[in-house]
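Written below as structure tokens is the structure these notes are about.
The values are calculated or read from the model by the stated rules, or taken from the named source; none is laboratory data. Predicted model only: the values in this text are computed from it and were never measured. Positions of Cβ are backbone-derived with ideal geometry, glycine not excepted, and every protein chain shown enters the neighbour counts. Each accessible area value is taken on the protein alone, full model and side chains, heavy atoms only, with ligands, DNA and RNA left out. Shrake-Rupley method; radii C 1.70, N 1.55, O 1.52, S 1.80 Å.
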Amino acid sequence: MSISFRLKYIAGLVSPGYTVADIGTDHGYVPVFLLREKIIPHAIAVDLSKGSLEKARELAEQAGLREQMDCRLSDGLSDVKPGEAQCIIIAGMGGILMRRILDSGLETVLAADELILSPHRNPELILDFLEEHSFRVVSDEIITDKKKQYRVIKAVRL
Ligand SMILES: C[S@@+](CC[C@H](N)C(=O)[O-])C[C@H]1O[C@@H](n2cnc3c(N)ncnc32)[C@H](O)[C@@H]1O
């Protein structure tokens, strides 16, 4: 399995040893990469789409990592309990949807130590959220992958 520069960059921001919840995981590339490289011990892969979650489950299965990756069919953070994940990744969606996911899963978000967020549009909504909830932005970069630019923000609890 090879993953894109963008997803590798996102994975590189995760603190080793944390349990990661990847919301909108699609193929499950990021959590499987993190588990395979032994950067993290456990992952929660969440997607609203049955088809996407099935792809993530199969990828974990092929890599022999099924026991370390929980696959949850759900909307945003609604099935991730506070304290279950120290790192939350949300990437590859617009800022409006991302903000809705963060707001509706607020208890779980506030119990996490770090957030890695890559909004494709409206990043200002995400920066507002982080400021309102006293997260400190420790990295905010625009990266280029296959001639496309992506904003990737990492924030930690103050
Ligand atoms: C464009 S893909 C991004 C995949 C991956 N995170 C990335 O950055 O490449 C967006 C994924 O988010 C999922 N998604 C959209 N809304 C969601 C929600 N409310 N809760 C969970 N997953 C959602 C979609 O089904 C899709 O698999």
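Key figures for this structure:
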{"item": "Mean shadow area of region 1-41 over all directions, Cα convex hull, nm²", "result": "2.7 nm²"}
{"item": "Region 5-157, accessible surface, carbon-and-sulfur percent (1.4 angstrom probe)", "result": "49 percent"}
{"item": "Candidate lysines for bridging to residue 154, where Cα separation is under 16 Å - those fewer than 8 sequence places away on the same chain excluded", "result": "8"}
{"item": "Cα Rg over Rh - the chain, Kirkwood", "result": "0.93"}
{"item": "DSSP-defined antiparallel bridges as percent of all bridges, the chain, nearest 5", "result": "40 percent"}
{"item": "Computed helical MRE - 222 nm, the chain, DSSP H runs ≥ 4 contributing -39500 (n - 2.57), nearest 500", "result": "-9500 deg cm²/dmol"}
{"item": "Potential lengthening between residue 156 and residue 138 on full extension [0.36 nm per residue; Cα-Cα distance subtracted]", "result": "5.8 nm"}
{"item": "Options 109, 78, 18, ranked by Cα towards positive dipole end of the chain, top entry (Cβ charges)", "result": "18"}
{"item": "Environment charge at residue 122 (Cβ cut-off 13 Å; Lys +1, Arg +1, Asp -1, Glu -1)", "result": "+2"}
{"item": "Alpha-carbon centroids, region 118-146 and region 9-73: separation in whole Å", "result": "22 Å"}
{"item": "Average accessible area per residue (Å²) across the chain - probe 1.4 Å, nucleic acids and ligands excluded", "result": "49 Å²"}
{"item": "Sequence ranges 99-112, 145-158, ranked by mean other-Cβ count within 10 angstrom, highest first", "result": "99-112, 145-158"}
{"item": "Average Cα contact separation per residue, the chain, under 8 Å, 6 or more apart, as relative contact order %", "result": "20 percent"}
{"item": "Total charge dipole magnitude, the chain, about the Cα centre, Cβ charges on Lys, Arg, Asp, Glu only, Debye to nearest 20", "result": "540 debye"}
